[in-house]
1. Which ³J(HN,Hα) values, rounded to whole Hz and listed in residue order, are derived for the range 291-305 from phi using the Karplus coefficients 6.51, -1.76 and 1.60 in 6.51 cos²θ - 1.76 cosθ + 1.60 with θ = phi - 60°, glycine and proline given as x?
2. Once phi is turned into ³J(HN,Hα) by the Karplus curve 6.51 cos²θ - 1.76 cosθ + 1.60 with θ = phi - 60°, what whole-Hz value does each residue of the range 190-207 show in order, with x for glycine and proline?
3. What ranking do Ser24, Ser161 get, fewest neighbouring Cβ atoms within 10 angstrom at the top?
4. What ³J(HN,Hα) values, in whole Hz, does the Karplus curve 6.51 cos²θ - 1.76 cosθ + 1.60 give for the range 478-486 when θ = phi - 60°, with x put for Gly and Pro?
5. How would the range 90-234 be classified by its alpha-carbon gyration tensor: rounded, prolate or oblate, with rounded meaning a/c under 1.5 and the a/b versus b/c comparison settling the rest?
6. When ranked by the protection proxy of mean other Cβ atoms within 10 Å per residue, highest first, what sequence do the peptides 446-459, 286-299 form?
7. Using a Förster distance of 41 angstrom, determine the FRET efficiency expected from the C-beta separation of Leu449 and Glu495, and round it to 0.05.
8. Name the residues whose placed amide hydrogens come within less than 5 Å of the amide hydrogen of Asp382, ignoring near sequence neighbours (fewer than 5 apart) on the same chain.
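Read-outs throughout are calculated quantities, based only on the coordinates presented, and are distinct from any laboratory measurement. Nothing here was measured: the structure is a model prediction, and the numbers come from that model. Note: ideal-geometry Cβ built from the backbone for every residue, glycine included; neighbour counts use all protein chains shown.
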Amino acid sequence: MILIGRWALPFLITLSFALFIISSVDRIISQEASNYLQAIMQTATDGMANYGPQLYLNFTLKILLVWAAVRIYVASFGLRWDHLWIRAMMRGHTVIVCFWSDGVSSEKSSNQSDIELAIDFASSSPDCKSVVLVTNSIGDDQRQRLWNKGVKVLVFNKDLSNLVRAAAIQRASTLIATCEKTDENIAVCRISLSEETDNKGLQCKCKISTLSEKRRFKVDDYFEESMLPRVRIFNNSELLARRLFNSFPPDRRVAPSAERVHLLLIGLGSIGQAVLERMARMGHYRSGLLPKLTIVDRQVAEKWQRLETELPALKRWVEWELIELEVGDVGEQTLNDWMSADEPFTGAYICLKNEIVNLRISRLLVNSQFNAHESNEGRQFDVVALDPPGGLVLSEFFQRGRHSGLFHKFSLTTVDDESKRSVLSEGLSADIDDSKARALHNSYFEQDLQRARENPDYKIGPNSKPWEQLPENIRDANRMVTDHFDIKMRAIGCEVIRTDSDSETELDESEIELLAKMEHRRWWADRDFNGWFFGATRDDVRKIHPNMVPYSDLSEPDKQKDRDSVQNMVQILKDDGFLITRKN
């Protein structure tokens, strides 16, 4: 049906045109017409011919008209076929639900990002034929793109009462709710996890629309205890910040040194805020110094104040400089002044939604580095600019512009030229795959049980329980540990790669100790952001912990826990086919 829809209409039009020319020439040859104009007029108006090329032309034109009418119903037929196939045949599939506002609104670009995220993830899944996309509105091009990949499409008018049956959720393995509104995502997940659906193996991923909502969101306020192990919440901006840090880390050029990491952040919108929070939570480097951010935006002080109110721990884990400036007014002299500051930048993220402004600032930053390099001043750093959906100019500059590898574009919903993968879908895929975080927790769980067996007085921690029984914030803490491991490896001049065993590197005691210190700072910051405080006696209800102190003040058993965390991560990577090697 896809091939017919793609080629039949162009073929019929071409054939009709050819027959029209042949019929007109035939009238000249048979002397029915004295000139070409008369022949064309006769051919165009003669619908009663019963012989020669005119007969075939009339027949083809009628077929063309019929097909033009049928073509209108091809999409409808395809959707109906998908609907029947899903209900009758789908098993163990992934259901992606994306209801969005298809009217004209001020949030249209955001809504488009929502549906693009859903389409990106559906079309880049390892097994597209086992994916069902449920939406209330989809464009012809988007639908065709999904069908070409084998994805089933279900157009559904937000009728949640029949969603389970229509999408065969009772037989699905995964549900991803990425609707425009958080309330809709919660409703979809609750219905899918209900006893009526009776799918005990279903895993749900629930999108929280805004960062502010995500920070306040308590998953146990909306889901029963029996549902909690099967619910995972996420936010688009957080996914992007995670991918950004993993792909273009701001410490890449200074990681093994004692130098401070200094990030230039242009734009403090939702993505910029997610980057800032990510830096505070994950920016624990070899130097032990707090990372610094120079943040440029209009009304930046007001935005920072709101962030401080929502995240009181933020000011304890980063240093910052706020520059109040309309980003479109950033000029060459302004950038040169920033570049000549006492602490040079180690990286720059341009987190704006306007690709033209992103291009201009990127070129200015790259050119400033060229000038500094020619005069033997300053140090080069990576410039990373967000490439909004549908953008073209950043791709052109990345491929053909003069930047000597200093510029990188970070595409939001299109396939990135450097990784050949969609950024959003890759981020969502990585979030769904908790294998490393799960293995890390299981190792901690087993060690805690072993200590209890060896020492009857040992008190097992409140989080020493199977992964499925952990609250979401503790699962997320384990994910943070795995994400931070690449930072640790860069700090000792190593990297994690798939390779043969001859190139494996063993970490010595001093390196393990350094990484344990970094891990403790990361853990401390994570607890601080989650509302914990220092106290002499641990109290999980009041969120008090005695280990929220510098590493040097910890007891030896507590230090050993951080060392064990590092060594466990090394073993988990080995078991997964990865090895640690020294960088050249």
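1. x, 10, 10, 9, 10, 10, 5, 7, 6, 5, 5, 5, 5, 5, 4
2. Values per residue, Gly and Pro as x: 5, 4, 5, 8, 5, 5, 4, 5, 6, 10, 6, x, 6, 10, 10, 10, 10, 7 Hz.
3. Ser161, Ser24
4. Once θ is set to phi - 60°, the couplings for the range 478-486 become 5, 5, 4, 4, 5, 5, 6, 5, 4 Hz.
5. oblate
6. On the way: 446-459: 11.6, 286-299: 19.0.
Those peptides, ordered most packed to least, come out 286-299, 446-459.
7. Values: r = 33 Å, r/R0 = 0.81.
Calculated transfer efficiency: 0.80.
8. Ala348
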